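One structure below.
The values are calculated or read from the model by the stated rules, or taken from the named source; none is laboratory data. Note that this is a predicted model, so its numbers are computed, not measured. Please note: Cβ atoms are built from the backbone with ideal geometry, for glycine as well, and neighbour counts cover all protein chains shown. Ligands, DNA and RNA are excluded from the accessible area calculation, which covers all protein heavy atoms including side chains. Shrake-Rupley method; radii C 1.70, N 1.55, O 1.52, S 1.80 Å.
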Amino acid sequence: GITWESQTAAEANQWRSVTYGNGLFVAVASSGSNRVMTSSDGITWAQRTAAEANKWSSVTYGNGFFVAVSENGTNQVMTSPDGITWMARAAAEANRWRSVTYGNGLFVAVAYNGTNRVMTSPDGITWEPRTASEDSVWLSVTYGNGLFVAVALSGTNQVMTSSDGISWTARQAATEDKY
């Protein structure tokens, strides 16, 4: 993590997210002909066909599956058991889904907009809408130490937490130091 080397992507796309699972790196893009690429070593990348030509914004691995979410399209979720072959899935709502994570047996995604800006799924296939702590512009979600944590670009409280991915509590973000 200290010394970095440039590697050639499979295609010159707008790559938005990368994850690792089951011996494979998988990246998704918001543009290009092939919006998925895979690598077993992080050096040599192969182009893969996404389930749909959406603006894929985030990918994660959990429960034996890769799951990606997108900001647009008819089916805004895609899943793959191997990172190579992808299946289109319906999102809980037609929002701009920005981030997805896996933890405690549950996939959780957050959105930039929409009525319910959180959705959850035990398998990545069937999704349920969930209410965010507030209607903020949610950009990222992760899981660790028994807690889901999401952060937002805007809003009164730009952090929300959940122990189960279903019920969310607003948290105040740290303030920026002014010099």
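For GLU5, the test of being of a type in the set (Asp, Glu) and open to solvent by 40 Å² or more (accessible area, probe 1.4 Å) is passed. Counting only strands (runs of 3 or more DSSP E) wholly contained in segment 14-124, the ones carrying 3 or more residues that are within 15 Å of the chain's Cα centre (by Cα) and of a type in the set (Gly, Ala, Ser) occupy 56-62. VAL18 satisfies every condition listed in (1) among the aliphatic types (A, V, I, L, M); (2) without any contact (Cβ under 8 Å) to a residue 40 or more places away in the chain; (3) surrounded by fewer than 18 Cβ atoms within 10 Å (Cβ to Cβ) except (2).
Scanning segment 60-86 for residues that are open to solvent by 10 Å² or more (accessible area, probe 1.4 Å), touching a residue at least 40 places away in the same chain (Cβ under 8 Å) and within 23 Å of GLY114 (Cβ to Cβ) yields THR60, GLU71. Any residue in segment 111-125 that's over 10 Å from ALA91 (Cα atoms) and open to solvent by less than 50 Å² (accessible area, probe 1.4 Å): show its pairings with residues that are in a loop (DSSP other than H, G, I, E, B) and small (Gly, Ala, Ser) at Cβ separation under 6 Å, as long as the two are six or more apart or on different chains. Listed by first residue and then by second, the contacts come to ARG117/ALA132; VAL118/ALA132.
For segment 125-139, a residue qualifies if it is out of contact with any Phe, Trp or Tyr (no Cβ under 6 Å at 6 or more places or on another chain), under 18 Å from ASN72 (Cβ atoms) and assigned to a loop (DSSP other than H, G, I, E, B), and exactly one does: TRP127.
Counting residues in segment 47-55 that are open to solvent by less than 30 Å² (accessible area, probe 1.4 Å) and of a type outside the set (Gly, Ala, Ser) gives one or more. In segment 135-155, of all residues being under 11 Å from ARG117 (Cα atoms) and open to solvent by 40 Å² or more (accessible area, probe 1.4 Å), the one that is modelled with the lowest pLDDT corresponds to ASP135.
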